[in-house]
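See below for the structure under consideration.
The values are calculated or read from the model by the stated rules, or taken from the named source; none is laboratory data. Note that the structure is a prediction, hence the values are computed from the model and not measured. Cβ placement follows ideal geometry from the backbone for every residue including glycine, while neighbour counts extend to all protein chains displayed.
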Amino acid sequence: MPSQRTVDIRSVNPSRLPVASDAAANAPGGRYSRAAWAYLAANVPLVVVIYLLPHYHVYLWGLLGVGSAGAVVTGVVRNRPAHPIAWLCVALALTTFASGDITYDVETEFFHQVNPFPSVADIFYLATVPLVAVGLIMMVRARRRREGDTGATLDALIITSGCAVLSWIYLIQPYVHAKNITLFSEVVSIFYPLGDILILGVLVRLVFGGGIRNPSVRLLAIGAVGLLVADCIYGWIQLHGSWRVDGPTDMGWVLFYVLWGAAALHPSMRELTVEQPLRPRRLNPGTLVCLSLTSLIAPLWLVWRDVDGAPRDGGMLASASVVVFVLVILRLTGLASAQASNARREQALRSFSERLVSATERSDVWAAAVDAVLAIGAAGVTGCIVADKARLGEEIVAATWPELVGATVEITDLGGHGARNGEGASNSDRRAVSVIAGGTVAPAPQAPMWTQLRLPARQGAFEKVVLAHDRAVPLDLRSILDAIAAQLTLALGRVDAARAVYVARNERRFHSMVQHSSDLITLLDAERRVMYQSPAVAAVLGRSPASLLGHPLNDLVHPDDLLAVHAQLTKVLDGRRGACVGFECRLANSEGQWLTVDVAATNLIDEPDVGAIVLNSRDVTERRALEGELKRQAFHDTLTGLANRALFLDRLSHAMDRGDRTRDPVAVLFLDIDDFKTVNDSLGHPAGDLLLVAVAGRLRAATRPGDTVARFGGDEFAVLVESGTMPQAAE
């Protein structure tokens, strides 16, 4: 047991974005986390035996400690973290702690020393503190390598300062004023609670840095709390009572050993040494209560000191109150700065929305977007460019740097590098930007990273919005960029619709061209009656335009397509002016045949010069028939008409998947024709083809409708039997 322990871009490539481990492997209930839970379960009987067999305490307790260090090493080998040094420090810390326990037990059990202090065991105990602190600090720094989290650091310092006051009052101060111990013993005794304060501060910083959602962090936190609580109870007992081995206090150190070993075995331990994306951190009620209580410990104790009439420790309590006050002021300053930044972003987004409403051209929309990206004041964002598709690459149509407008750049997709960002998605928005004619894209002191803003795909839109930044994009900025993208899409749709209406108004000038068009142009009134029909209807449907005027469109539409056509036209009418939808339907020609036409319907009912629903239709009957024939040929044998290898394998895959779910058996029969080569050689290939066709017909006749008969090639056939009792169904 422990001793006295109170413990210029020609090719600008963005640097690597945050990488996170696979979410499926990190799932707490996933198969990769079983080692951690198995380790926890294995230690339960060991702890029970430790309490039931106190005579073997030195051996069993040593096994518990050494096993914990071994579990950490096993976890490092098994899970392969990006930076294993942090976890190796944890393994060394557990080793030194276990060495201290073993040394202490040997001194008391075999050398019959009574609570030896100071002793050799204290060397191991004191060495544990810096190893634990270094390991946890390396985890904190690895998760926030590019930028620190000042708010989390200040919160950790505030809580640690408050707890340090309690440690001073109940654990440190009694040793400072003790008269019956040597100076060396006094110094060693004070080092234990100071070490616990250091561990507490680093642990709170790790938890407040967004790590509490990680299962390994939770295990580390609970184990560390057990260590700190056990140390404090042990120190209190040493000051006011008599220490006894195998008491309930030992459970705190048991939690420390067992849970830290399990934390290393859990696959989520990889995330503790991988850089994570910056997430907006908000103070929840629990954190506020914790910060409030710990910040009031020193001043309240100072007041209680005067009420109780005990004048001791006034200077220390006053100093602690000043430190906590300064930390709270710094924290409030950061919160005020964040609030001001949010207000600026709201104003920037409001101004951006107003500019979008008044925009009449696409260039106005893009200029507003470029200005808004900088106006939101995101840390690390240096600029933005909008590039449109050009003959030699991408032409910049708007940019933070006006001198670059009109320049031609090449935007390369870097999403195929296999890296994953902090949300678990692939870095498909990473880009490299280079000027084709040379020059500099961004006048930044270092090569910026480039991230493309994701805009919903729109027909005829080829613009790309690329953000320049010199650090990882925080998650809160990504949500703002998504909102900007949504507004951009709406604004561009409105501008494009206005342009379409303008073009429709000028169509009157090209009436003669419409008359000779091969496509059908139909105008419908609000009741879906034909107001105008272009002359092309005579060539396509064999009907005269005059014969259709005043008749409902339903007279031409196939009965099976009436509901779909009605729904599409209703959707157009319910939409705004210029709303357009596309659909296909079948129309009857003069001979009663049904032709498949591709229709684009545009709502110009409110357009004064048109006042109708405009249907642009094109006969695609032959194209659809050709597509169907090509599809059939792609999956069927041209000679026998049976399924080919591709279709057979596709149906086999679906059948096996379905069988896995329903437990239905699946059988595959492979057949070939004996001496088929003799038939070809003696009677010729035409006779062989006839034989293949005959065999195919017999196989079809011998199988059920739900079975699949395929020709693999040559004289090879296969039959897929998907249901029934096997092997009788196959036979």
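Of the residues 433, 465, 514, which single one is surrounded by 15 or more Cβ atoms within 10 Å (Cβ to Cβ) and either in a loop (DSSP other than H, G, I, E, B) or at pLDDT below 75 (or both)? Break it down stepwise before answering.
Values: 433 fails: either in a loop (DSSP other than H, G, I, E, B) or at pLDDT below 75 (or both); 465 fails: either in a loop (DSSP other than H, G, I, E, B) or at pLDDT below 75 (or both).
Criteria check complete, one pass: 514.
Counting only residues that are among the β-branched types (Val, Ile, Thr) and surrounded by fewer than 17 Cβ atoms within 10 Å (Cβ to Cβ), which one in the range 44-65 is nearest to residue 105 (Cα to Cα)?
In the first step, residues of the range 44-65 are kept if they are among the β-branched types (Val, Ile, Thr); the result is 44, 47-50, 58.
Filter again for surrounded by fewer than 17 Cβ atoms within 10 Å (Cβ to Cβ), leaving 44, 48-49.
On the way: 44: 21, 48: 18, 49: 17 Å.
Step by step, filter the range 44-65, then rank; the result is 49.
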Only residues in the range 481-500 that are within 15 Å of residue 364 (Cβ to Cβ) count as the first member; pair them with residues that are among the polar types (S, T, N, Q) and part of a helix (DSSP H, G or I), Cβ under 8 angstrom, at least 6 apart or cross-chain, and list the lot. 487/353
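How many residues are in a helix (DSSP H, G or I) and either over 52 Å from the mean Cα position of the chain (by Cα) or of a type in the set (Lys, Arg) (or both) when one looks only at the range 541-564?
Within the range 541-564, the subset in a helix (DSSP H, G or I) is 541, 545-548, 553-555, 559-564.
Imposing the further condition that a residue be either over 52 Å from the mean Cα position of the chain (by Cα) or of a type in the set (Lys, Arg) (or both) reduces the set to 541, 545-548, 555.
Looking only at that region, the number is 6.
What are the residues in the range 549-564 that are within 13 Å of residue 528 (Cβ to Cβ) and acidic (Asp, Glu), if any? Reasoning before the result, please.
Step one: of the range 549-564, the residues within 13 Å of residue 528 (Cβ to Cβ) are 550-557, 562.
Residue satisfying the conditions is 555 alone.
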With the requirement that a residue be surrounded by 15 or more Cβ atoms within 10 Å (Cβ to Cβ) and in a loop (DSSP other than H, G, I, E, B), what does the range 692-706 give you? 703
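If you go through the range 598-608 one residue at a time, do you hit one that is of a type in the set (D, E, K, R) and modelled with pLDDT under 85? Before the answer, list the steps.
Filtering the range 598-608 down to residues of a type in the set (D, E, K, R) leaves 598, 606-607.
With modelled with pLDDT under 85 added as a condition, the list becomes 606-607.
The answer is yes, given that some residue of the range 598-608 is of a type in the set (D, E, K, R) and modelled with pLDDT under 85.
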Among residues of the range 635-649, those that are surrounded by 19 or more Cβ atoms within 10 Å (Cβ to Cβ), farther than 15 Å from residue 670 by Cα and under 39 Å from the mean Cα position of the chain (by Cα), counted: 0
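Yes or no, residue by residue, for (1) in a helix (DSSP H, G or I); (2) at pLDDT below 90:
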position: 1; (1), (2): no, yes
position: 8; (1), (2): no, yes
position: 50; (1), (2): yes, yes
position: 58; (1), (2): yes, yes
position: 74; (1), (2): yes, no
position: 91; (1), (2): yes, no
position: 96; (1), (2): yes, no
position: 108; (1), (2): yes, yes
Answer yes or no as to whether residue 621 is under 30 Å from residue 693 (Cβ atoms), at pLDDT below 90 and β-branched (Val, Ile, Thr). no
The condition from (1) at positive phi; (2) assigned to a helix (DSSP H, G or I); (3) not hydrophobic (A, V, I, L, M, F, W, C) that residue 342 misses is numbered (1)
Exclusive hit being among the acidic types (Asp, Glu) and either within 30 Å of residue 597 (Cβ to Cβ) or surrounded by 15 or more Cβ atoms within 10 Å (Cβ to Cβ) (or both), set 660, 681, 619: 619
Failed condition for residue 658, given (1) at pLDDT below 80; (2) over 30 Å from residue 571 (Cα atoms): (1)
Between 557, 599, 572, which is under 20 Å from residue 625 (Cα atoms), out of contact with any Phe, Trp or Tyr (no Cβ under 8 Å at 6 or more places or on another chain) and among the aliphatic types (A, V, I, L, M)? 557
Residue 136 vs (1) among the hydrophobic types (A, V, I, L, M, F, W, C); (2) modelled with pLDDT of 85 or more; (3) crowded, with 18+ Cβ neighbours inside 10 Å; (4) under 16 Å from residue 239 (Cβ atoms): all pass except (4)
How many residues does the range 624-645 contain that are over 30 Å from residue 517 (Cβ atoms), assigned to a helix (DSSP H, G or I) and at pLDDT 80 or above? 1
Determine which member of the set 609, 619, 637, 574 is within 30 Å of residue 720 (Cα to Cα) and among the charged types (D, E, K, R). 637
Determine, yes or no, whether residue 117 is surrounded by fewer than 17 Cβ atoms within 10 Å (Cβ to Cβ) and either out of contact with any Phe, Trp or Tyr (no Cβ under 8 Å at 6 or more places or on another chain) or at pLDDT below 90 (or both). no
